[in-house]
Amino acid sequence: MSGKRRLKVFFDGGCRPNPGPIEVAAVVRGKVHIRDDLGHGSNSDAEWLALLHALEIAQATGAHDFELVGDSVPVIAQANGIAKGRSAAGRAHYARFVTLAEVHPPARIRWIRRAQNLAGIALAARHER
């Protein structure tokens with residue numbers, strides 16, 4: 001890496017109620033990117049769409065070395081190829097992820113506790129206003 005730190009892109013998604021309107025967030029270099037125009041779905045859909053959003057944001061930065069960091073154990077396990085999606089929607093999200101990642105894949109995708117997830121903190125703050 002020649003002294004450079006890997007870029008971290010935090011992601012989180014949710015819907016209120018579940019199922020309901022989806023909102024996602026990605027945080028990179030302290031900048032919050034929120035989308036709430038992704039339709040309705042489940043929390044699982046929201047987490048997948050957040051991962052996809054984070055991947056697109058990371059790729060748009062032009063960074064060659066980045067990791068995606070989130071708090072959804074099932075989505076991270078599926079994206080890492082450790083687990084298979086149980087639903088048709090989960091398999092479709094995974095297929096879209098694989099296609100997008102072919103262009104420029106993340107160096108890694110890892111889990112972090114919810115309290116440390118900057119994207120989750122950004123979404124929670126949005127509802128405190």
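Throughout, read-outs are computed from the coordinates displayed, never taken from laboratory work. For clarity, every value in this text was computed on a predicted model and none was experimentally measured. Cβ sites come from the backbone with ideal geometry, for glycine too, and all protein chains shown count toward neighbours.
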Dipole magnitude (debye, nearest 20) for the chain, charges at Cβ of Lys, Arg, Asp, Glu: 380 debye
Pairwise label distance in nanometres, L100 with D65, each label 7 Å out on the Cα-Cβ vector: 2.4 nm
Overall form of segment 70-123 per C-alpha gyration tensor (a/c, 1.5; a/b vs b/c): prolate
Rg in Å to one decimal, and Dmax rounded to a whole Å, for segment 4-53 via C-alpha atoms: 11.6, 41
Shape of segment 31-106, Cα gyration tensor, a/c cut at 1.5: oblate
Cubic angstrom per residue, convex hull over Cα atoms of the chain: 107 Å³
